[in-house]
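The values are calculated or read from the model by the stated rules, or taken from the named source; none is laboratory data. If you're wondering where the values come from, they're calculated on a predicted model, not measured in any experiment. For neighbour counting, all protein chains shown are included, and Cβ atoms are generated from backbone atoms with ideal geometry for every residue, glycine included.
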Ligand SMILES: NC(=O)c1ccc[n+]([C@@H]2O[C@H](COP(=O)([O-])OP(=O)(O)OC[C@H]3O[C@@H](n4cnc5c(N)ncnc54)[C@H](O)[C@@H]3O)[C@@H](O)[C@H]2O)c1
């Protein structure tokens, strides 16, 4: 299959690019290279003759038309987005422009290309979204594909809007779409402004490990390579017009996740142990959703996908990777906003 992957220089997109190429697919990586991107994430596959890169912004419609005409993909996997909730609180504008307007442009470019090609049945527009569109759960229950949308941050609202656009393009124009809504990812190549790499790197450097509020927020954690595998399963075998929730079946309170990482650091990097002495509770994020949990029954039963690692196994691999890959993360610490508390301007 020839895949046009947007956001392929980011965290999850690059995992998709690496996995797709390993499986023998052709990949066109379309990315504008924002602060969150890093072409080092795909350095391992960029010399493959299956790989090509287009630096392009999904807000630029004409450029998208050009890329579709040049590369003629069999499917689009749309991951390009502004993705950090804290940044969306301080500056929601970019989230509206990229996540909503950008998705609109990509849908229109894909629709034009698909119509000109005679509406091939096999074409797919796969929109990659988040479980955050469903809002916040209490202590019980899980998100299913039927859970009503109830986004509560500028980030999740912009993703929810893009999901609605994708469904509308299917209903109105017949564009062959599939959607996925996934829980929190972690793993190698995660930009060091997100919780898991922040904890690992602050523990490594003996710096305070910030935990929002009392650390009681619950997330359902998924190893990024398992997510990439799920996405490649859905784009090839997902039912037309359908959405699939993807979760790791690994719920954890933030404080427990942080303590697990600290214990792994004690074992793998004993200098500085016990690392949990660095845990520092800080003011909570405004509108911080209490709990997310995914019911992954549909993807498990229809497509036979399930995660390959437990949270403990995935975290162990992740900590090892950060300890072994300083050359990857060191330069990123100098990027704008990294290491600072963001999301306080509400
Ligand atoms: N990280 C998670 O836990 C998670 C969970 C569920 C869903 N998602 C979704 O998965 C997707 C990827 O998330 P991620 O964590 O890899 O994000 P990321 O921030 O690591 O990567 C996003 C990529 O998109 C690119 N990009 C941003 N704006 C662009 C634009 N206007 N034009 C072209 N490229 C642009 C960036 O340069 C970057 O390479 C997002 O759509 C996100 O909403 C993420």
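Points to keep in mind about this one:
Matching residues to (1) assigned to a strand (DSSP E or B); (2) in contact (Cβ under 8 Å) with a residue 60 or more places away in the chain; (3) within 13 Å of the ligand (Cβ to nearest atom):
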residue: 207; (1), (2), (3): no, yes, no
residue: 225; (1), (2), (3): no, yes, yes
residue: 239; (1), (2), (3): no, yes, no
residue: 248; (1), (2), (3): no, yes, yes
residue: 256; (1), (2), (3): no, no, no
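- Some residue of the range 42-59 being more than 15 Å from the ligand (Cβ to nearest atom), over 27 Å from residue 329 (Cβ atoms) and out of contact with any strand residue (DSSP E or B) (no Cβ under 8 Å at 6 or more places or on another chain): yes
- Residues that are closer than 20 Å to residue 32 by Cβ and in contact with a strand residue (DSSP E or B) (Cβ under 9 Å, 6 or more places away or on another chain) within the range 75-108 comprise 76, 77, 78, 79, 80, 81, 83, 102, 103, 106, 107, listed in sequence order.
- Looking at 178, 234, 198, just one residue is at pLDDT 95 or above, at negative phi and surrounded by fewer than 22 Cβ atoms within 10 Å (Cβ to Cβ), and that residue is 198.
- Residue tally, condition at pLDDT below 95 and part of a helix (DSSP H, G or I), over the range 89-124: 2
- Selection of the range 22-34 for residues being assigned to a loop (DSSP other than H, G, I, E, B) and either under 28 Å from residue 87 (Cα atoms) or in contact with a strand residue (DSSP E or B) (Cβ under 7 Å, 6 or more places away or on another chain) (or both) yields 25, 32, 33, 34.
- Being within 17 Å of residue 29 (Cα to Cα) and within 11 Å of the ligand (Cβ to nearest atom) holds for only one residue in 78, 84, and it is 78.
- Counting residues in the range 21-39 that are without any contact (Cβ under 8 Å) to a residue 24 or more places away in the chain and over 14 Å from residue 103 (Cα atoms) gives one or more.
- Failed item, numbered, when residue 241 is tested on (1) crowded, with 20+ Cβ neighbours inside 10 Å; (2) over 20 Å from the mean Cα position of the chain (by Cα); (3) within 15 Å of residue 129 (Cα to Cα): (1)
- For the range 161-174, the condition of being surrounded by fewer than 24 Cβ atoms within 10 Å (Cβ to Cβ), more than 28 Å from residue 92 (Cα to Cα), within 15 Å of the ligand (Cβ to nearest atom) and at pLDDT 95 or above holds for none of the residues.
- Output for the range 35-75, where each listed residue is crowded, with 17+ Cβ neighbours inside 10 Å, part of a loop (DSSP other than H, G, I, E, B) and within 16 Å of the chain's Cα centre (by Cα): 36, 37, 38
- When 294, 299, 279 are screened for being buried (at least 16 other Cβ atoms within 10 Å of the Cβ) and over 27 Å from residue 228 (Cβ atoms), only 279 passes.
- Subset of the range 125-142 [within 12 Å of the ligand (Cβ to nearest atom) and either in a helix (DSSP H, G or I) or farther than 13 Å from residue 81 by Cβ (or both)]: 126, 131, 132, 133, 134
- Which numbered condition residue 19 fails, given (1) closer than 24 Å to residue 133 by Cβ; (2) touching a helix residue (DSSP H, G or I) at 6+ places or on another chain (Cβ under 9 Å); (3) in a helix (DSSP H, G or I): (1)
- All positions within the range 9-34 that are near the ligand (Cβ under 7 Å from one of its atoms) and crowded, with 20+ Cβ neighbours inside 10 Å: 9, 10, 11, 12, 13, 30, 31
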